Amino acid sequence: MKSAQNNNSTFRTLNVRPPLTDPPTTAPTDVTVSPTVTPTTTPTPPPFTLTGFELHGSGIDKLNTVVRSFSVPDVRRLNVDVYGRRAGQDEAEQRPLLTDQLTGELVEGRRAFYNGQDYSLNIDGRGMQVVCSPSKVLHPNRPYLLTNDPDEIYSAYDVVRQRIQSDTGILLDYSDANVCRLDIARQQEMPRSVRDYAPAFQLLKLKGTREQRRNYGDQTWNFNSSKSAHQFSFYDKLTEYLTTHAVFSNRIPDSNYLRAELRLLKTDYIRKTTKTNGSFQELLNGGTEMYSTIYDTYLRSKLFHGNYQTELAFDVDRLEHLFYSLKQRHQRNTGGTATYSHIVRQVAVVVGVREIVDRIGLDVFLSVASKYVSERHIRRTRAYLLQQAQLSSELFQPIDTVVLLTELRTAFLKAA
């Protein structure tokens, strides 16, 4: 845009490819819920699957462009945000924003904006920013899908162009657009639940940045500030989906669907990282191989760069699962009428059996007990303690944090 006043004069003939496919209007949801019927008012959380969740390579989650060739025929179809009056000012000072082509009047303010279906636009002194997630535009019923095909990405943006024209009357041209945000992601179905990787996330730090790691529960871990030029995030994609769509109003089940997302948040850093001029067209032309190279290079140089010491972490989630499993078992055995006061004692037995097995020794313990009870009772006690010892062994199996880091590295760092 040559200036805030003459953005209409820079509009050029549109030269765009038609979309490959029309966005589907109806499609079956890809989240499969298989309920478990139990005779209780507190049903067991059903298992979940995300069909098509896996993706080989890297895909684009979000790609925002700054368009400089656009024409606004009627500003009244947009929302205009003006500057507020600051302390000491008699009245708020506004800045030239754009020219209303319909009336010829100069519109002043901070920005003009509009939020449409799977997109938003924002006009300020830098141009018009078009914000969208290409996968959500073309596949609205598969919000976890990541597209990495340049033609699909362009097709999504052409769908958005048509929606913008229909909603606001604005005509735009992507030929000279720059990319101001680029999110590249990979996702995996991990061998453990996402919360199990918390000790590994706590050790990770982006090289060359301040210690700015923020977590939201055990499902989301962000590295670096959202105001910085780049950010990395691990988050539980299934939990995000269920929470956003209110599929479950009570207990969100544990999930092992992990997304790892690289966010390049400023045009200059995008140019530096992608080794391009930052234009929309050039980043499209780079294609899948470019996205994978950018992602792998970042992970190797910024995130998985340290030599981490072995740390053993007690798996609290297993302890919670033991309580939950015992409760469900008693509900099934009693038709939902059980009381649970004895569950704590049973868990305590499972936890305490480690003393007998690891420090006293099972044979020594039983040899002392045999002086007081019958041989038949000793056999039953041995079988009982071995059963509890197996539960205890599973519960107290320590997680080596280096193993967790290795699993993350193997899952998301594809290149050798």
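What follows draws every value from the coordinates through simple rules; no lab data is involved. These numbers were taken from a predicted model, which means no experiment stands behind them. For neighbour counting, all protein chains shown are included, and Cβ atoms are generated from backbone atoms with ideal geometry for every residue, glycine included.
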Show me 367-376, 233-242 ranked by packing, highest mean number of other Cβ atoms within 10 Å first.
233-242, 367-376
FRET efficiency estimate (nearest 0.05) - Cβ-Cβ, Gln117 to Asn215, R0 35 angstrom
0.60
Given backbone amide H placed at 1.01 Å from N, residues whose amide H is under 5 Å from that of His230, ignoring those fewer than 5 places away on the same chain, are Leu265
Using packing as a proxy for protection, rank 282-288, 156-162, 70-76 so that the peptide with the highest average count of other Cβ atoms within 10 Å comes first.
156-162, 70-76, 282-288
Excluding residues fewer than 8 places away in the same chain, name every one of the lysines whose C-alpha is closer than 29 Å to that of Lys205.
Lys62, Lys227, Lys237, Lys266, Lys272, Lys275, Lys302, Lys414
Tell me, in nm to one decimal, what length is gained between Arg85 and Arg329 on full extension, where the rule is 0.36 nm per residue of separation less the Cα-Cα distance?
81.4 nm
What spacing in nm lies between the two simple spin-label points modelled at Asp167 and Arg300, each 7 Å away from Cα in the Cβ direction?
4.0
Go ahead and run the numbers for FRET between Glu289 and Arg95, Cβ-Cβ distance against an R0 of 56 Å, rounding to 0.05.
0.85
Using +1 at the C-beta of Lys and Arg and -1 at the C-beta of Asp and Glu, which of Leu102, Ile184, Cys132 has the Cα lying farthest in the positive direction of the dipole of region 100-186?
Ile184
Two pseudo-spin positions, 7 Å from Cα along C-beta at Asp74 and at Val349, lie apart in nanometres by 7.7
Debye equation applied to the C-alpha atoms of region 106-217, log10 I(q)/I(0) at 0.10, 0.18, 0.22, 0.24 Å⁻¹:
-0.48, -1.02, -1.22, -1.37
Students often check this: by mean Cβ neighbours within 10 Å, which of 254-262, 220-228 ranks highest, and how do the rest follow?
254-262, 220-228
